[in-house]
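Participant: First the structure, which I've put down as structure tokens, then a few questions once you've had a look.
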Amino acid sequence: MITVSVKPLFIAIFTLSLFLAIVLLSPSSPFSSTPSNKQTGKSDIWGVKRLVEWRPCKWWTHGPRIALPAESNGYIRVDCYGGLNQMRRDFCDGIGIARLLNATLVMPKFEAAAYWNESSGFADVFDVDYFIQQMDGFIKVVKELPPEVASKEPFRVDCSKRKGHFDYIESVLPSLLKYQFISITPAMSQRRDRYPLHAKAALCQACYGALRLTRSLEQKAAELLEAIPKPFLSLHLRFEPDMVAYSQCEYQGLSPASKDAIEAARGDRKPWTGELARIWRKRGKCPLTPNETAFIFQALSIPTNTNIYLAAGDGLMEIEGLKSIYTNVVTKSELLSGEDFLNMHGNTKAALDYYASINSDFYVATFFGNMDKMVAAMRAYKGLHNTVFLSRRAYAELTSKGLDGKELKQALWLAHKEDFAMGRGSALPDCFCDFKS
């Protein structure tokens with residue numbers, strides 16, 4: 001009869017179990033989604049407990065829908081201008097307006113300025129049939145106008161310069177009833193909280209539940225996503241000549257090439273000087289440089305070996321300020337090839353950045369522009385909450401007090417830790433509700 005000593009076997013099993021637990025649960029483990037900073041021993045920003053989570057509001061996703069009226073008041077086409085994400089924002093607003101006015105929605109018109117080097121329309125970026133299917137019950141949508149309407153141009157109603165509480169029923173509905181076919185550009189900073197719920201629901205469904213990339217564009221975006229090393233952080237870094245010129249900020253230590261590019265883009269927008277320049281910067285109006293971005297990353301204990309996908313357009317300046325510290329930085333032009341990619345322009349390339357960003361493990365933005373708002377909200381819609389907006393204001397205020405080195409990093413950590421814990425900026429409140437954990 002063979003006897004086996006139980007005690008040594010138990011010790012061996014216990015030791016092995018303890019080892020596996022340490023490996024799997026260690027923040028620096030390759031199995032962990034948030035590696036720790038070995039130098040400081042402090043976990044990174046992603047390890048901070050979220051006190052508020054933004055999720056799609058139930059009144060929109062599960063609430064009862066108001067039946068569409070049997071007859072509409074006419075047809076509305078939304079005219080959209082600018083980059084892809086600005087046009088997407090305007091289109092979403094326009095859908096809410098069309099539902100508010102009981103109008104039938106016509107496919108939008110994308111009007112990009114020559115700056116964007118763009119000629120693609122709505123159907124070149126988004127799946128039209130899927131959009132119409134997903135909007136069923138929220139608003140009536142048509143691909144083509146009836147012959148008696150299609151033969152004439154729409155009556156133009158420009159609301160783009162209006163701000164605050166702009167009454168569309170009072171100001172736009174009369175034109176819709178009179179002409180039966182109008183085109184609109186939604187007002188800036190429109191107070192969507194004043195919309196009735198059925199109009200807000202149409203807006204929310206359009207923005208987050210109905211806009212899907214075309215099959216061919218989604219395939220290219222999936223190819224890009226597959227090629228990015230995992231896990232990865234998507235960084236939307238804004239330090240292009242036009243961005244800096246528009247901000248009217250001045251920077252010390254830039255290369256001659258960057259200075260020339262900024263000067264060429266300035267036009268009549270001269271930089272602020274003296275006390276005005278200091279006030280402007282402290283208000284958070286100046287874009288972060290790649291070097292400043294890398295410094296804040298280190299303050300947030302984001303490891304320098306993090307895989308970073310740079311979601312940015314052409315013309316990004318001073319990028320070595322980031323790459324000299326964070327060495328695993330990749331771009332779409334490095335990962336994609338082929339004639340189909342080379343033939344892409346502004347909108348379709350922006351769609352690739354958007355797709356990679358909403359599917360990234362982590363998302364960081366140095367600005368709070370249209371893409372950042374859309375990406376953050378879509379990530380919240382998908383249940384992805386590792387999203388951070390770097391605070392230009394905090395960086396400017398702290399450096400203006402003379403803080404630097406470890407003291408500055410600690411202060412930046414505290415400022416961003418609170419923002420991340422409270423979920424600030426991580427979703428648009430029009431369609432999302434906060435759930436406290």
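Participant: Here is a check on your reading of the model: is G383 closer than 22 Å to V52 by Cα and surrounded by fewer than 20 Cβ atoms within 10 Å (Cβ to Cβ)?
Facilitator: yes
Participant: Ok, one more. Can you tell me which residue in segment 385-424 is farthest from the chain's Cα centre (by Cα), limited to those that are part of a loop (DSSP other than H, G, I, E, B) and aliphatic (A, V, I, L, M)?
Facilitator: Selected residue: L403.
Participant: Here is a follow-up. Which one is nearest to M371 (Cα to Cα) among residues in segment 57-83 that are within 28 Å of the chain's Cα centre (by Cα) and open to solvent by 30 Å² or more (accessible area, probe 1.4 Å)?
Facilitator: Taking segment 57-83 first, the residues within 28 Å of the chain's Cα centre (by Cα) are 57-63, 76-83.
Then drop every residue that is not open to solvent by 30 Å² or more (accessible area, probe 1.4 Å), which leaves 58-59, 61-62, 77, 81.
Details: K58: 25, W59: 25, T61: 23, H62: 27, R77: 23, Y81: 14 Å.
Among those that are within 28 Å of the chain's Cα centre (by Cα) and open to solvent by 30 Å² or more (accessible area, probe 1.4 Å), it is Y81.
Quick grid of which residues meet (1) in contact with a Leu (Cβ under 9 Å, 6 or more places away or on another chain); (2) modelled with pLDDT of 95 or more; (3) surrounded by fewer than 19 Cβ atoms within 10 Å (Cβ to Cβ); (4) more than 30 Å from K140 (Cα to Cα):
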| position | (1), (2), (3), (4) |
| --- | --- |
| L197 | no, no, yes, no |
| P231 | no, yes, yes, yes |
| E250 | no, no, yes, yes |
| I262 | yes, yes, no, yes |
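Participant: Now a separate question. Here are the criteria: (1) open to solvent by 40 Å² or more (accessible area, probe 1.4 Å); (2) in contact with a Gly (Cβ under 7 Å, 6 or more places away or on another chain). Tell me which single one T304 does not satisfy.
Facilitator: Among (1) open to solvent by 40 Å² or more (accessible area, probe 1.4 Å); (2) in contact with a Gly (Cβ under 7 Å, 6 or more places away or on another chain), the lone unmet condition for T304 is (2).
Participant: Filter segment 27-56 for residues that are open to solvent by 70 Å² or more (accessible area, probe 1.4 Å), over 21 Å from Q205 (Cα atoms) and modelled with pLDDT of 85 or more and give the result.
Facilitator: Across segment 27-56, the qualifying residues are K49, L51.
Participant: Quick check on segment 356-366: of everything there that is within 10 Å of the chain's Cα centre (by Cα) and under 22 Å from L213 (Cα atoms), which residue is most open to solvent (accessible area, probe 1.4 Å)?
Facilitator: Selected residue: I358.
Participant: Evaluate the following for S183: is it modelled with pLDDT of 90 or more and open to solvent by less than 30 Å² (accessible area, probe 1.4 Å)?
Facilitator: Judged against the criteria, S183 is a match.
Participant: Select from segment 386-423 the residues that are touching a strand residue (DSSP E or B) at 6+ places or on another chain (Cβ under 9 Å) and open to solvent by 40 Å² or more (accessible area, probe 1.4 Å) and write down the one among them that is nearest to I308 (Cα to Cα).
Facilitator: The residue in question is N386.
Participant: Given the conditions (1) over 23 Å from T399 (Cα atoms); (2) among the hydroxyl-bearing types (S, T, Y); (3) under 24 Å from the mean Cα position of the chain (by Cα), report the number of the one that Y326 does not fulfil.
Facilitator: Y326 satisfies all of (1) over 23 Å from T399 (Cα atoms); (2) among the hydroxyl-bearing types (S, T, Y); (3) under 24 Å from the mean Cα position of the chain (by Cα) except (1).
Participant: Moving on. Out of segment 261-287, which residues are under 18 Å from D242 (Cα atoms), in contact (Cβ under 8 Å) with a residue 12 or more places away in the chain and not in a helix (DSSP H, G or I)?
Facilitator: G267, R269, K270, P271, W272, G284, K285, C286, P287
Participant: On to the next question. Can you report the number of residues in segment 240-260 which are among the hydroxyl-bearing types (S, T, Y) and without any contact (Cβ under 8 Å) to a residue 24 or more places away in the chain?
Facilitator: Of the residues in segment 240-260, 1 are among the hydroxyl-bearing types (S, T, Y) and without any contact (Cβ under 8 Å) to a residue 24 or more places away in the chain.
Participant: Something else now. Can you pull out the residues in segment 288-301 that are over 20 Å from the mean Cα position of the chain (by Cα) and not in a helix (DSSP H, G or I)?
Facilitator: L300, S301
Participant: Sort out which residues of segment 367-380 are in contact with a strand residue (DSSP E or B) (Cβ under 6 Å, 6 or more places away or on another chain) and open to solvent by 50 Å² or more (accessible area, probe 1.4 Å), and write them in order of number.
Facilitator: The one that is in contact with a strand residue (DSSP E or B) (Cβ under 6 Å, 6 or more places away or on another chain) and open to solvent by 50 Å² or more (accessible area, probe 1.4 Å): F368.
Participant: Tell me, please, whether a residue that is without any contact (Cβ under 8 Å) to a residue 60 or more places away in the chain and either under 17 Å from H416 (Cβ atoms) or of a type in the set (D, E) (or both) can be found in segment 298-309.
Facilitator: no
Participant: How many of the residues making up segment 85-105 are open to solvent by 10 Å² or more (accessible area, probe 1.4 Å) and either at pLDDT 95 or above or among the hydrophobic types (A, V, I, L, M, F, W, C) (or both)?
Facilitator: So the answer is 3.
The values are calculated or read from the model by the stated rules, or taken from the named source; none is laboratory data. Just so we're clear, the structure is a prediction, and the values are computed from it rather than from any experiment. Glycine also receives a Cβ, built like all others from the backbone with ideal geometry; neighbour counts cover every protein chain displayed. Side chains included, ligands, DNA and RNA excluded: accessible areas come from the protein's heavy atoms. Shrake-Rupley method; radii C 1.70, N 1.55, O 1.52, S 1.80 Å.
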